[in-house]
Structure formats: C-alpha cells, structure tokens
Amino acid sequence: MEQRRIQKVGRSTLSVSLPKDWVNVTGVKRGDIVYLDKGKDGALRIFSKSLVEEQKKPKEYLINCDQASEPNLLERLVVGSYIMGVDVIKLFSSERIESKQTEAVRNIVRRLVGCSIIETSRREIILQCFIESSKLKIHPLIQRLSVIASTMLDEAMEALLKLNPKLAKDVIKREDEANNIYWLITRLLLSAQKSPTLADMIGLNGDFDPTCVRLVSKSLESIADCSQNIAKITLALHRIGNGMDKKELEKMSPIDQMTKEVFRKAVDSLFSSDIITANDAINLRTKLEAEVEAKMRKAVIPYFG
C-alpha cells in the first residue's frame, strides 16, 4: 500500500497528491473533475470522470443463437449474463432464431426477477433487466429464501410420509421460486463486489458480509434442491403402489423432526447472532448424522439412502 503525506493548502484546506501511475492510467489532468466515494469504514475512493461515466452505461451481453444449439446452453447463457449484472441481453441469429430457442428464452425470463423481453423479431430478441439494485436489501432476500427452503422441506417430507403425489408436485414447482431469489442474491453480490457504495446500500459490510451471504444463500438453495429430490422420490415411490411398506416410511419421521430442528436453529441463530443456538444446531447435526447412518444400514429400499 502506497503512502502519501497530507499537505496543508491555505489556512484550513488539506490536500494529497495523486499517484503518477494512476494519473497516467486514468488520463486525468489539471482542471478535471474527480468523484469521491466515502465508505462506512472510513475509506475514501477516488474515481475519474471517465470511469464514473463508464459505470453508468448499461452493460450489454451478446448471445449468438447459431452457436447455442446444445441442450440447455441458451438458458444457461441467459442466466449467467443475468447473474453477472448485465442490463441488456441481446440474442441474435444470422438467419432465424428457432422457435424452440424463442420458447426457451421466454421460459427462463419468467424466472428472472426484474427481467423482461422488450423486443423480438425473426433474427433478434432483446432482454432488459429493470432491477434497481440500490433499492434492494440482502437481509429480507435471505429471509425469503430461508422461508421458501423451509416450506419446501416441510412439504416434501409430508408428501413422502403420506405418499402424497399432489403435494410432491407442488414442491417441485416451488423450486423455481427458490432459484429466482438465489440468482437475484448472486447478482447483487457480484455487483456489490465492484461498488462499495452499493454494498453499503443493500446491507452488506455489516453483520452480513458478501462471503457470509454467499455461503448462506448457497446452503439454502441446496436445501431447496434436496427437497425437490425428495419430492421426485415420493412420486417414484407412489408409482410402486401397494408394494410400498408404510412402516419403512414411518422410520423416517425421527430424522425428519431432527432435520427441521437443525434447520430452525441454524436460521434463528443467523438472524439473531445467537452463538448458543448456533452451537446447539451444530451439536444436533452430529446426532442427526449418527441417526442417518444407522437408518441407512438397515434401509430396505435404496431410495431411503
């Protein structure tokens, strides 16, 4: 880290010289305007006018549909662009965008918070993200994701224990909602990484730093994925019909209760900063792992593993 000595100019003004290499890179010169960004931690960042103007420009990403014929590639390119904070996504083709590609884009856009199709033609589809990141807060989004994951887990286990196919299908549908929030959180984290000001505005750099949010949101999204898998297994078991032993299902109940208790304690400790509850959750998980291992040794049907 480079050191600079503070100089006094006039009676009360303090000044510091700018590093020569920074001046050369940014191209600033005498008389130019620079912008100061004051962080909550006392840090002061200096931006050249050209950099500020560049940051204000909408970020664009181009996707060549002719080169995105592999299964699911187009959807993943759109989602990846969204997560990286792109404002405008332009999809194009040299001749014509295939109808199945158009339908894939429409399906994925419905699952991206704040994203819409603003223009479509035979050779081009333009998506616009209308998210005002500075007006969002990380804390409520994490809470929302935790509620979705908890609900999915509750309903997935109820569907399994009762072999309820309708409830299982509802869980599978709800997984899209979990992904929506997870993708939005990831987008905010990557954007905040480039802007300390945005990080402060959305509630990072306090109790929730970016690394913490990333780990928590990924864990919650994984719980939603696991709940969806349980729902899919329920549908498979339901097709077995009378060949299913209900007593085997009832053996899952203690694991179900312990899992939910670990989840509840973990989330409660996160939002309350309660280390006692956090420690209880970790200790209970150790007991849960032993219970799961014992059940797996006696499992009659591979699905129970």
Margin query: Taking 0.36 nm per residue of sequence separation and subtracting the Cα-Cα distance, how much length would be gained by fully extending the chain between Lys247 and Ala278, in nm to one decimal?
Written below: 7.8 nm
Note to self: Using Cα springs under 10 Å in a Gaussian network model of the chain, which residue among Leu141, Leu73, Leu237 shows the largest mean-square fluctuation?
What the structure shows: Leu73
Note to self: Over the chain, with a Gaussian network built from C-alpha contacts below 10 Å, which listed residue (Leu235, Leu44, Leu160) shows the highest mean-square fluctuation?
What the structure shows: Leu44
Check: log₁₀ I(q)/I(0) of the stretch 9-168 at q = 0.09, 0.11, 0.19, 0.20 Å⁻¹, via Debye over equal Cα point scatterers, no solvent, to two decimals?
Finding: -0.57, -0.76, -1.15, -1.19
Note to self: What do you get for the angle between helix 210-240 and the principal long axis of the chain? Use alpha-carbon atoms, 0 to 90 degrees, nearest ten.
What the structure shows: 30
Check: Given only helices, namely DSSP H runs of n ≥ 4 each adding -39500 (n - 2.57), what is the per-residue ellipticity at 222 nm of the chain, to the nearest 500 deg cm²/dmol?
Finding: -19500 deg cm²/dmol
Notebook entry, point to check: For helix 165-194, what angle does its Cα long axis make with the longest principal axis of the chain, in degrees from 0 to 90 and rounded to 10?
Noted result: 20
Check: Is the chain rounded, prolate or oblate when judged by the Cα gyration tensor, a ≥ b ≥ c being the square roots of its eigenvalues, rounded requiring a/c under 1.5 and prolate requiring a/b larger than b/c?
Finding: oblate
Notebook entry, point to check: Quick one: if the Förster radius is 45 Å, what FRET efficiency do Lys90 and Lys29 give, using the C-beta to C-beta distance and rounding to 0.05?
Noted result: 0.80
Check: Helix 138-162 versus the longest principal axis of the chain: what is the Cα-based angle in degrees, 0 to 90, to the nearest 10?
Finding: 10
Margin query: Here is the link list: Lys100/Lys162; Lys169/Lys194; Lys137/Lys162; Lys100/Lys260; Lys100/Lys169; Lys29/Lys90. Which ones come out longer than 32 Å on Cα distance?
Written below: Lys100/Lys162; Lys169/Lys194; Lys137/Lys162; Lys100/Lys260; Lys29/Lys90
Notebook entry, point to check: How far is it, in nm, from the label point at Trp22 to the one at Cys212 when both lie 7 Å from their Cα along the line to the Cβ?
Noted result: 2.9
Next item on the list: Return the single residue from Ala281, Ala231, Ala294 with maximal mean-square fluctuation; model: Gaussian network over the chain, springs between Cα atoms under 10 Å.
Entry: Ala294
Checklist line | Label point distance in nm, Asn107-Asp176, each placed 7 Å from Cα along Cα→Cβ | finding: 0.9
Check: Quick one: if you take sqrt(5λ) for each eigenvalue of the C-alpha gyration tensor of the stretch 1-84, what semi-axes come out, biggest first, whole angstrom?
Finding: 43, 15, 12
Checklist line | the chain, relative contact order [Cα under 8 Å, separation at least 6], % | finding: 13
Item checked: Separation of alpha-carbon centers, the stretch 75-91 and the stretch 5-36, rounded to whole Å -> 38
Checklist line | Förster radius 41 Å - calculated FRET efficiency between Gln193 and Lys287 (Cβ-Cβ, nearest 0.05) | finding: 0.60
Item checked: Relative counts (whole %) of C-alpha pair distances in the stretch 106-188, using bins that are 10 Å wide -> 15, 36, 28, 16, 4, 0
Notebook entry, point to check: Tell me, what is the per residue accessible area of the chain in Å², probe radius 1.4 Å?
Noted result: 63
Margin query: Relative contact order for the stretch 173-263: what percent, with Cα pairs under 8 Å and sequence separation of 6 or more?
Written below: 28
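The values are calculated or read from the model by the stated rules, or taken from the named source; none is laboratory data. In this text, all values refer to a predicted model and were calculated from it rather than measured experimentally. Neighbour counts run over all protein chains shown; Cβ positions are idealised from the backbone, glycine included. Just so you know, the surface numbers come from the protein's heavy atoms only, side chains and all, with ligands and any DNA or RNA stripped out. Shrake-Rupley method; radii C 1.70, N 1.55, O 1.52, S 1.80 Å.
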